[in-house]
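First the structure, in the form of structure tokens, and then the observations on it.
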Amino acid sequence: MRQRDPFGMAMASLRTALEEGLAPGQHLSVADIAASLKLSTSPVREALSRLCGEGLIEDRRGLGYFTRAAPFEDIIGLLDLEAAHVRLAARDGLVPGPHDAANAVVDLWILEVVARCENQPLVESLVRVRRRLGPLRRLGEALLDEDTPQSDDRLDAYYARWRVAAGRLAAHVRRLDPDLSEYTRNIV
């Protein structure tokens with residue numbers, strides 16, 4: 001019979017949830033996570049403490065654990081890093097620029113860039129940055145201004161639109177509706 005590794009289960013589950021995009025600033029209830037994983041609270045607390053030590057979540061003394069907040073500077077830094085990665089990968093894969101600055105068009109174009117780029121470390125880094133931006137983008141879609149700053153370069157226009165939205169997004173970061181989350185029941 002196989003033995004369960006409660007700490008390992010909690011770590012793997014929490015990492016997956018963080019990678020799949022919990023909203024910034026979202027409360028992570030130890031009791032709710034433990035109940036959803038059918039574990040005691042001890043391995044969940046240990047896993048949350050480890051993730052806090054890795055800088056992936058925050059421990060707000062007296063309030064509990066929360067996903068990392070997303071200040072304006074972090075959002076801009078991630079957008080700039082993604083743009084640099086995308087341009088390098090497009091050049092490596094000899095992919096012409098997107099034909100439109102619309103989100104769906106650029107997202108599909110980036111997938112093509114990733115598929116054609118042969119520089120594996122660059123692709124892995126780009127995928128990690130896009131994973132970090134994913135939850136922010138989902139929250140920020142409604143905050144995007146359709147009046148895209150004009151640019152002959154469609155990729156520049158795409159990132160300019162997201163840079164403009166970054167300020168509103170940083171101010172708007174909020175907890176997800178608890179019913180939409182696998183783990184949390186924001187009881188704070």
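The values are calculated or read from the model by the stated rules, or taken from the named source; none is laboratory data. Small disclaimer: the values here were computed from a predicted structure and weren't measured. All Cβ positions, glycine included, derive from the backbone under ideal geometry; neighbour counts span all protein chains shown. Protein only, heavy atoms only, side chains kept; ligands, DNA and RNA dropped before computing areas. Shrake-Rupley method; radii C 1.70, N 1.55, O 1.52, S 1.80 Å.
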Qualifying residue in segment 119-130 (condition: surrounded by 13 or more Cβ atoms within 10 Å (Cβ to Cβ), under 30 Å from Ala10 (Cα atoms), modelled with pLDDT under 80 and among the β-branched types (Val, Ile, Thr)): no
Sole exception among (1) at pLDDT 90 or above; (2) open to solvent by 20 Å² or more (accessible area, probe 1.4 Å) for Ala89, by number: (2)
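Looking only at residues in segment 4-29 that are in contact with a Pro (Cβ under 7 Å, 6 or more places away or on another chain) and buried (at least 18 other Cβ atoms within 10 Å of the Cβ), which one is modelled with the lowest pLDDT?
That would be Gly21.
Kindly check whether there is at least one residue in segment 30-45 that is in contact with a strand residue (DSSP E or B) (Cβ under 8 Å, 6 or more places away or on another chain) and surrounded by 13 or more Cβ atoms within 10 Å (Cβ to Cβ).
yes
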Selected residue (only one of Asp107, Asp100, Asp59 is surrounded by fewer than 16 Cβ atoms within 10 Å (Cβ to Cβ), over 25 Å from Glu20 (Cβ atoms) and charged (D, E, K, R)): Asp100
